[in-house]
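S.K.: Sharing a structure here in C-alpha cells format.
The values are calculated or read from the model by the stated rules, or taken from the named source; none is laboratory data. Every value quoted in this text rests on a predicted model; they were computed, and no experiment measured them. For neighbour counting, all protein chains shown are included, and Cβ atoms are generated from backbone atoms with ideal geometry for every residue, glycine included. Just the protein is used for accessible areas: all its heavy atoms, side chains included, with ligands, DNA and RNA removed. Shrake-Rupley method; radii C 1.70, N 1.55, O 1.52, S 1.80 Å.
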Amino acid sequence: MTSVSHKSRIRLIRIAEHSLAKSTYVSHCRTISHLVKKNVESKPIICHEQFLRMQCWDTNDYQEALKPLSETGITLEAVHHFAHKISAARFSLQNGLKVILMANPAAPIFSYQTWFKVGSKHEKVGKTGLAHLFEHLMFKGTRNHPTGEFDIEMESRGCQTNAATWVDWTYYTQSLAQHKDNLECIVHFESDRMSNLILDEKTFRSELEVVKNERLMSVDNSIGGSMSEKLYQQAFPEHHYQWPTIGYMDDLEKTELATLKQFYKNFYAPNNAIVVVVGAIEATQTLELIWKSYGHLQPQELEPYAPELDPPQTSVRMSLLSKPISTTQVLIAYPAPPQNSPEYSALELLNNTLCDGESAHLYRKLVIEDRVASDVSGFLTPFAEAGLFEFAITPMPGINHDDIIEKLDAEIRQACLNITQEEVDKARNSLELALLQSFQDNESCAEMFGHFEANFGDFSMAFKHIDEWKELELEHIKAIGQKTFQAHKKNIVIAKPSEH
Amino acid sequence: MYHCEKFKYKASTVFFIEDAKWPMVNFVITLRTGSLADPFGKAGLTRILFNMLLRGTKNLSRTHFNDRLENLGSQLDPIVGTELAILRGACLKRHLKETLSLVQEALHEPRFEEKEFEHLLIDIREELKQERDDDDALVELYLRRALFGEHPLGRSPLGEWKDLQQITLQDVKELHKQRFSQDQFLLGFSGDVSQEELTPLVQKIIDPLPETGHTLGPMPPTPETLSPEIWLIDKPERTQTQCRLISPTMSGNHPDTTAFWLGAMAFGGTFTSTFCKEVREIRGWSYTAYVQYRRYRYTPVPFVLGSAPATEQAVDCLALQADLFNPLANGKLEGIDHARQYFLGYFPFEISSAAGLIILAMRMELLGKEPDEMFALPEKIKALSDDDVRHAMQTHLHENAFRSVVVATAKDIKKPLAERFPDAKIRIFDYREDMANA
C-alpha cells in the first residue's frame, strides 16, 4: 500500500512498490473460514490449448464466450490486438462496472486488479491525503469479514497483494496461482469491500499513525520526496496536482472519520471502477464470477470533478531547500501535456534521446564530456491532465547550481534543434524493447490497461505506442520540443547541503 | 511452464529457455565471484572492473561503444554483488547478434583507458557520498559492518571510501586477467532464441577465454554469535529513524536453511506475521516492518528485523524488536503452517518467468545443485514439521546475541537509549565519519 511518488514511472515500469519495502518475501494478505467454500476444488482445469487460442481471440470469439451469459446483461464493448500475439477485451456490466480481460497462458498464474477513478486530485484544500489514507483502510474489515480476514485468506493462498494511489487513480492488485478457487475468492473479497467496508474510529486512528509514518519516510526524511513536494506546489498554483498524494501532515492529523465515510460513498462504486484480469483465465468463467459478485451492486451518484486550471506560466519559479545532504541536487520542470495529447509521444521520444543511457544528449554532454554533473535523468508525468517534464540533475562538487541550470537549459534547447533521425530510431528501439518487457508480466500488463482505462477510458492506448512512435516525423518532434522547453516556463527546486 | 536447458560449452555452463512469444532476448553473463574476490584493502575492485568493461574497447571508444549498443535499443548493465558479478542485458531479437558481438568485445578487449578509470573513481566517490543521503542505504551499510566487521562480507560491493585510493588501473587489469576464464562464467539466455542460433554466439563469447582462472580461496570464518551492542548512526534532522536488529545464522548450503527460511517467514514475512502485526498493526509505529533472510546464498546469511519508527518511538521499537527476538531464539514461534501455505501458493510465481528462472538456475548451480532441484522446494517445505522449523530457529539464533543498528539524530535519542538499555554498549558513529576528505 503506497502513494506513488512523482518520480515513479507508470508507463513502462511497474508502479506498485511493495509496502513492506525490502523484505524478500512479503506481500499483503488475510484468511476466510466461511467464504464461498462450496466450489472449492470443483473448477474445471482449463487445457493449455484453450489458453493458447484465447490469447489472440477476435471479437467473434469474445461474443461466443458471452453467449452462455446472455441473461446477465454483460456487453462486449471493445476488442484490441497487439502484434497478432495478444488480444484484450473490455466488457461492461449494467451497473457501469468495466471489466478488461486478457489471457496469457505462459504460466498458471493471474493478476486481478481493481481500479477506482479517484486520486489525490479529487481531494479538497485542507483535506489532502484522503485518497491514500482510504486505500489503507480498504484492507480492514467489512460487514462480511472482520479486520484481518482479507490478509489471512490472501496469504494462505500465496497471494501477492498491494495497492497504490496517485494523482488520478487508486488501484488494488492481487497476483495468484490459477488453482483451487483462487479467482472466485478474490472476486468475492474485492466486490465485498467495494460496498461493505466498515469504517470505525479505532481502526482509522491506528492506520492513520501508519500513514503518518509513511509520510515521514517518503517526504519528510527523503530528499527526493521533499523536493518533489516543493516542485509540485510551485508548478501547480491552483490545480490539485499541487499537493503530494500522501497528503500534508497537518491535514492528515485533522482528518475525521465522517469525511472518510463520505469519500467512500462518493467514489467507491461500480460505475467508478474497472476490474482488470490478466493471466491464466477463461473468459466465460471469469465474467460469470464477476457478474455474480458485482452484478447486484448499485451504481452511485459520483461527486463531480472540475479541475482548477492554472494560469499560463509567464516567468521562472524557484525554491531553495536546505537539507542534510552531501551534494546539491536540482529539479527542473517544464509544463507538459496530458498523456493522451498528440504531443505526448513526441516528448516520450525526446525524453529518451535527452536522458536515457550514455548516448543521450544531456547525459553525454553534462556527465561524460563536461563533467559538470554526476547524474541527470528525465521524467515525463503520465497524467490525465497537463503535468510536467522533469529533469533531475546532481552537479559535481564545485559546480554552481545557477551554472548547471543555465547549461541544462541551453543543452535542452540545442538538443531539440539538432536531434537526428538516428537518435529518434534509437529511442524507438529502446521504447519498443521496454514495452515488450512489460508485456511479459501479467501485473505490468494489467497496470497499463487499468491506467489508460481509468484516465482516458481507453485501455488500448497500451497497444498503440509503437505505431505512434513510428509515425512521428523528425521535424514535428523538434517543434514539440521547442514549444515545451521554453526558458521562462521553468520550475526549479534546489536542495543544498545544510550547515551540519 | 518453462523448461530450463543446461549445457556445458567447454568449461562454461550455459542455461537457456526458448520462449518465442515476444521478439526479444534477455541474457546474463555471470562471473562466479562477486566482491568477495576483492583483495584486502581494495573493496570495490570487481565493481570497477565491470564498470570499466562498458567504458570502451580496443576498437571502440566509450562513446562509440555506447552509441552502437544504444542505437539498437539494447540494454546492458553491470551488477556486482557479494557472490556474483553480472552483465545483464536485453535486446530485440533482430539485434541479438550485433548486441552479443558488443558484449563479446567488452568482455575480451576492454580498453582500460587511464582517463576513464580516473573518471570512474570520481563517479564512485560521488555515489558513495550520495548513498549516505538515503537513510535506508545508510543503515544497510552499517549493518554489514556491525555483523561482519573486517571480514570480506563486511565490505560494500559498491566499494569503500578508504579503499578507493588504493586501487590502480593495474589492479583492474590483473583482476580481469585472473578471473575471466571459461570455468568462471555462467551464461543464461531466455527469449526468442533457439539453441542452434545460440551456440555460435556462445562460442564467440567463450572461445577466447583461457580454460581456467584463479578461483576464490577459502573464506575466513564469520562470527557465529555476537555480543550485544547498539550502533547509533548519527545523522542530523531526522524525524524518522531506521531500526535494525541483526544476528548471524548459517551459510546457504547448511541443511537447516530451508527450515530456517520458513521460520523467518512465519515470524515476519507476511502482514499477519507476529513481527509485522506487533509493530505495524497493533502499535502503528512503522509503515515498514519486516524480516529479511535470503535463500540461495553460499555465504553466511544474516537474519534481520527492520522497521522505521518516528524518533519518539524509536527506543520503544528497538526494545520491542529485542523482546520479540529472544523468544524466537528459544524456539517459540507461531504461524508456521500459515507461512507454509503462503509459500506453496506463491511458489508458481518464483518459476513463472523465463528470465527469473534462469537466475534461479544459476543460483542453484553456484550452490552445487542441479537447476531442477528448485522444483523440489515445495515438497521439502511440505515435509518440514513445525518442530523442525522451531529447532532450526533455536539452533541458529541465540538469546541476546544480536546487534542493533539505528540511524537517528543522536542528540534526540542517545539519553533515552542509554536509560532503556543500561547494559548495552552504545557506539555512536557520525554518518560520514569514515569519509574523511569527502
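S.K.: A:THR147 versus (1) surrounded by fewer than 24 Cβ atoms within 10 Å (Cβ to Cβ); (2) away from chain B (no Cβ under 13 Å); (3) in a loop (DSSP other than H, G, I, E, B): which is the lone unmet condition?
M.R.: All conditions are met except number (2).
Quick grid of which residues meet (1) open to solvent by 20 Å² or more (accessible area, probe 1.4 Å); (2) more than 22 Å from the chain's Cα centre (by Cα); (3) at pLDDT below 90:
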{"site": "A:PHE456", "(1), (2), (3)": "yes, no, no"}
{"site": "A:HIS465", "(1), (2), (3)": "no, no, yes"}
{"site": "A:GLU473", "(1), (2), (3)": "yes, yes, no"}
{"site": "A:ILE477", "(1), (2), (3)": "no, yes, no"}
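S.K.: Exactly one of (1) modelled with pLDDT of 95 or more; (2) open to solvent by 10 Å² or more (accessible area, probe 1.4 Å); (3) within 14 Å of chain B (Cβ to nearest Cβ) is unmet by A:LYS202. Its number?
M.R.: Checking A:LYS202 against (1) modelled with pLDDT of 95 or more; (2) open to solvent by 10 Å² or more (accessible area, probe 1.4 Å); (3) within 14 Å of chain B (Cβ to nearest Cβ), the one that fails is (1).
S.K.: May I ask you to say which residue of A:THR128, A:THR142, A:THR75 is without any contact (Cβ under 8 Å) to a residue 60 or more places away in the chain and over 26 Å from B:ALA339 (Cα atoms)?
M.R.: On the way: A:THR128 fails: without any contact (Cβ under 8 Å) to a residue 60 or more places away in the chain; A:THR142 fails: over 26 Å from B:ALA339 (Cα atoms).
Result of the check over A:THR128, A:THR142, A:THR75: A:THR75.
S.K.: Same structure again: Considering only segment B:352-361, I want to know if a residue exists there that is closer than 20 Å to B:TYR290 by Cα, part of a helix (DSSP H, G or I) and open to solvent by less than 10 Å² (accessible area, probe 1.4 Å).
M.R.: no
S.K.: Where the second residue is modelled with pLDDT under 85 and loosely packed, with under 14 Cβ neighbours inside 10 Å and the first is in the same structural domain as B:THR249 (by TED's automatic domain parsing) and closer than 17 Å to B:ALA401 by Cα and lies in segment B:209-226, which pairs have Cβ atoms under 6 Å and are six or more apart or on separate chains?
M.R.: Listed by first residue and then by second, the contacts come to nothing, as the list is empty.
S.K.: Of the residues B:ILE246, B:ILE230, which single one is within 22 Å of the chain's Cα centre (by Cα), under 30 Å from A:SER326 (Cβ atoms) and of a type in the set (A, V, I, L, M)? Show your work before the answer.
M.R.: Numbers: B:ILE230 fails: within 22 Å of the chain's Cα centre (by Cα).
Being within 22 Å of the chain's Cα centre (by Cα), under 30 Å from A:SER326 (Cβ atoms) and of a type in the set (A, V, I, L, M) holds for just one of B:ILE246, B:ILE230, which is B:ILE246.
S.K.: Can you tell me how many residues in segment A:395-429 are of a type outside the set (A, V, I, L, M) and surrounded by 22 or more Cβ atoms within 10 Å (Cβ to Cβ)?
M.R.: Summing the residues that are of a type outside the set (A, V, I, L, M) and surrounded by 22 or more Cβ atoms within 10 Å (Cβ to Cβ) in segment A:395-429 gives 3.
S.K.: Report, ordered by the first and then the second residue, all pairs with beta carbons closer than 8 Å, sequence separation of six or more or different chains, a first member in segment A:209-220 that is more than 7 Å from chain B (Cβ to nearest Cβ) and at pLDDT 95 or above, and a second member that is open to solvent by 20 Å² or more (accessible area, probe 1.4 Å) and assigned to a helix (DSSP H, G or I).
M.R.: A:LYS212/A:MET249; A:LYS212/A:GLU253; A:ARG215/A:MET249; A:VAL219/A:GLU229
S.K.: Does segment A:329-343 contain any residue that is more than 16 Å from A:THR484 (Cα to Cα), surrounded by 24 or more Cβ atoms within 10 Å (Cβ to Cβ), in contact (Cβ under 8 Å) with a residue 60 or more places away in the chain and within 14 Å of chain B (Cβ to nearest Cβ)?
M.R.: Within segment A:329-343, one or more residues are more than 16 Å from A:THR484 (Cα to Cα), surrounded by 24 or more Cβ atoms within 10 Å (Cβ to Cβ), in contact (Cβ under 8 Å) with a residue 60 or more places away in the chain and within 14 Å of chain B (Cβ to nearest Cβ).
S.K.: Sticking with this structure for a sec: Considering only segment B:325-351, how many residues are within 19 Å of B:LEU377 (Cα to Cα) and open to solvent by 10 Å² or more (accessible area, probe 1.4 Å)?
M.R.: 11
S.K.: Of everything in segment B:32-65, what is open to solvent by 10 Å² or more (accessible area, probe 1.4 Å), under 25 Å from A:ASP356 (Cβ atoms) and either touching a His at 6+ places or on another chain (Cβ under 6 Å) or assigned to a helix (DSSP H, G or I) (or both)? Give them in sequence order.
M.R.: B:ARG47, B:ASN51, B:ARG62, B:THR63, B:HIS64
S.K.: Suppose we filter A:ASP409, A:ASP441 for residues that are modelled with pLDDT under 95 and more than 14 Å from chain B (Cβ to nearest Cβ); which single one remains?
M.R.: A:ASP409
S.K.: Can you pull out the helices (runs of 4 or more DSSP H) entirely within segment A:48-143 that have at least 2 residues that are more than 30 Å from A:PHE383 (Cβ to Cβ) and hydroxyl-bearing (Ser, Thr, Tyr)?
M.R.: A:59-66
S.K.: Would you confirm whether or not segment B:366-374 contains a residue that is at pLDDT 90 or above and assigned to a helix (DSSP H, G or I)?
M.R.: Checked against the condition, which is being at pLDDT 90 or above and assigned to a helix (DSSP H, G or I), segment B:366-374 yields no hits at all.
S.K.: Would you pick out the residues in segment B:83-109 that are within 14 Å of chain A (Cβ to nearest Cβ), aliphatic (A, V, I, L, M) and part of a helix (DSSP H, G or I)?
M.R.: Matches in segment B:83-109: B:LEU96, B:LEU102, B:ALA106.
S.K.: Here's something else I'd like to know. If I ask for residues that are touching a Ser or Thr at 6+ places or on another chain (Cβ under 9 Å), more than 14 Å from B:GLN313 (Cα to Cα) and either surrounded by fewer than 24 Cβ atoms within 10 Å (Cβ to Cβ) or not aromatic (Phe, Trp, Tyr) (or both), which ones from segment B:275-287 would you list?
M.R.: So the first thing to find is which residues in segment B:275-287 are touching a Ser or Thr at 6+ places or on another chain (Cβ under 9 Å), and the list is B:275-276, B:279-287.
Filter again for more than 14 Å from B:GLN313 (Cα to Cα), leaving B:275-276, B:281.
Within segment B:275-287, B:CYS276, B:GLU281 meet the criteria.
S.K.: Please pick out the residue among A:PRO237, A:PRO270 that is out of contact with any strand residue (DSSP E or B) (no Cβ under 8 Å at 6 or more places or on another chain), touching a residue at least 40 places away in the same chain (Cβ under 8 Å) and either outside the structural domain of A:ARG90 (by TED's automatic domain parsing) or farther than 25 Å from A:LEU302 by Cβ (or both).
M.R.: A:PRO237
S.K.: Do the conditions hold for B:THR215, that is, is it farther than 30 Å from A:HIS132 by Cα, at pLDDT below 95, in contact with a His (Cβ under 6 Å, 6 or more places away or on another chain) and part of a loop (DSSP other than H, G, I, E, B)?
M.R.: Here the answer is no, as B:THR215 does not meet what is asked.
S.K.: Scan (1) surrounded by 13 or more Cβ atoms within 10 Å (Cβ to Cβ); (2) more than 30 Å from A:ALA106 (Cβ to Cβ); (3) modelled with pLDDT under 95 for the single condition B:LEU209 breaks and write down its number.
M.R.: (3)
S.K.: What pairs come out if I take residues in segment B:7-24 that are among the acidic types (Asp, Glu) and pair them with residues that are surrounded by fewer than 17 Cβ atoms within 10 Å (Cβ to Cβ) whose C-beta lies under 6 Å away, six or more apart or interchain?
M.R.: Within 6 Å, the pairs are B:GLU18/B:SER194.
S.K.: Considering only segment B:276-303, state which residues are more than 9 Å from chain A (Cβ to nearest Cβ) and closer than 22 Å to B:ALA137 by Cα.
M.R.: Across segment B:276-303, the qualifying residues are B:VAL279, B:ARG297, B:THR299, B:PRO300, B:VAL301, B:PRO302, B:PHE303.
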